[in-house]
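The values are calculated or read from the model by the stated rules, or taken from the named source; none is laboratory data. Remember, it's a predicted structure, so these values are computed and weren't measured experimentally. Cβ atoms come from the backbone with ideal geometry, glycine included; neighbour counts cover every protein chain shown.
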Amino acid sequence: MASTAQNRRKTHSELQDKLNAMFMNVRLFEKGIKQFSDKDIQLQLSKYLLKTLCTEITNEIFSYVAQENMIQYDQAKELSPEVRELCMFMHVYTLLPGNIYVMYLKSSTPFPY
């Protein structure tokens, strides 16, 4: 049991270090983006930053939370917003009382994706 707690602390610490480094990169890139005088270029670079590094941060957090809550997903595939939302959607439904979850599964209501 102590080994498990120690592994969780180590994993949490590693995630924290990785996220701190990524966040510092985002802040540095934001400062660099502000150096461009053209507002259109600033907007394009900001969107690119959100789609790349900020998405990577989101995926790291999602992966950690999924691991902690034993949510299964294909780690080889890229985690699109739809995949993240579907995994969380499925997890919430499994937390509902059994009869509601079973009634949902038997219904013809499709998943949102």
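Brief remarks on what is shown
- Filter pass, Ser37 being assigned to a helix (DSSP H, G or I) and hydroxyl-bearing (Ser, Thr, Tyr): no
- Listed by first and then second residue, the pairs linking a residue in the range 16-42 that is among the small types (Gly, Ala, Ser) to a residue that is part of a helix (DSSP H, G or I) and surrounded by 10 or more Cβ atoms within 10 Å (Cβ to Cβ), with Cβ atoms under 9 Å apart and 6 or more places separating them unless they lie on different chains, are Gly32/Leu45.
- Ser46 vs. criteria small (Gly, Ala, Ser) and modelled with pLDDT of 85 or more: yes
- Breaking point among (1) in contact with a Leu (Cβ under 6 Å, 6 or more places away or on another chain); (2) modelled with pLDDT of 85 or more; (3) of a type outside the set (D, E, K, R); (4) exposed (fewer than 11 other Cβ atoms within 10 Å of the Cβ), for Tyr113: (2)
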